[in-house]
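*Asks:* So that we are looking at the same thing, I have put the structure below in structure tokens.
Just so it is clear, none of the values below were taken in a lab; they were calculated from the coordinates. Predicted model, so just to flag it, every value in this text is computed and none were measured.
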Amino acid sequence: MSNPAKYSFVSTDNSLGEASFKSFLPLTLNYNQKSQEVIGLLDTGAMVNVLPYQIGVELGAVWEEQTAMLELSGNLAQFEARVLILSASIGQFPEVRLVFAWTQATQIPLLLGQVNFFMEFDTCFYRSQKIFEVTPKKIARKEGETRGQRETITNYQFPNTNPQFPNLFVTKLLQQVKIEYLYSRQNLRSHL
């Protein structure tokens, strides 16, 4: 089991005092042999990871080549978004694949949300202490499974036989999350 990586909350506006501290996480994103060190805002309320347009371009992604589209909501609803799968490294942890809604918005932070940052990492917030911890998810071993087999599951590579498979998989995953989100909102309203 990996030891948690600890990070401090960062103040973004001293005039706001305690309210200005946010959980920013340094990470390295990789795409097509290019890498970039970035800072992502951990956002437990975001349904998906969101990648600002310029970071995708700097990594060498081509907007027109990303064919899986999705709709964002809230402040980002006015911007078109495409699915982009990147490899990410956080601290000394093994590299993971993160699915992003690559948006044409430029004046936003990189957001790390439920799909799929919080599906890949366990995160503990100690807000009163202004620190948070991040640990890769634990993959339970099945009876008789060896460590090597478990690592294969953790570091799953999409098959190369069908280049559209990752986008189809991610699109279906994001659609399911959207359905669950809309359903939970509807149920919440019916209880109010």
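*Asks:* Which of the three applies to the range 1-142, rounded, prolate or oblate, going by the alpha-carbon gyration tensor with a ≥ b ≥ c and a/c under 1.5 meaning rounded? Intermediate values should be presented prior to the final figure.
*Replies:* Values: a/c = 1.76, a/b = 1.20, b/c = 1.47.
Oblate, because a/c is 1.5 or more while a/b does not exceed b/c.
*Asks:* Gain in length, SER87 to LYS6, computed as 0.36 nm per residue apart minus the alpha-carbon separation, to one decimal in nm? Write out the running numbers ahead of the final one.
*Replies:* On the way: separation 81, 0.36 × 81 = 29.16 nm, distance 2.11 nm.
Contour length minus Cα-Cα distance gives 27.0 nm.
*Asks:* Among all the aspartates and glutamates, which ones have a C-alpha under 20 Å from LYS138's C-alpha, if same-chain residues fewer than 8 places away are not counted?
*Replies:* GLU95, GLU120, ASP122, GLU151
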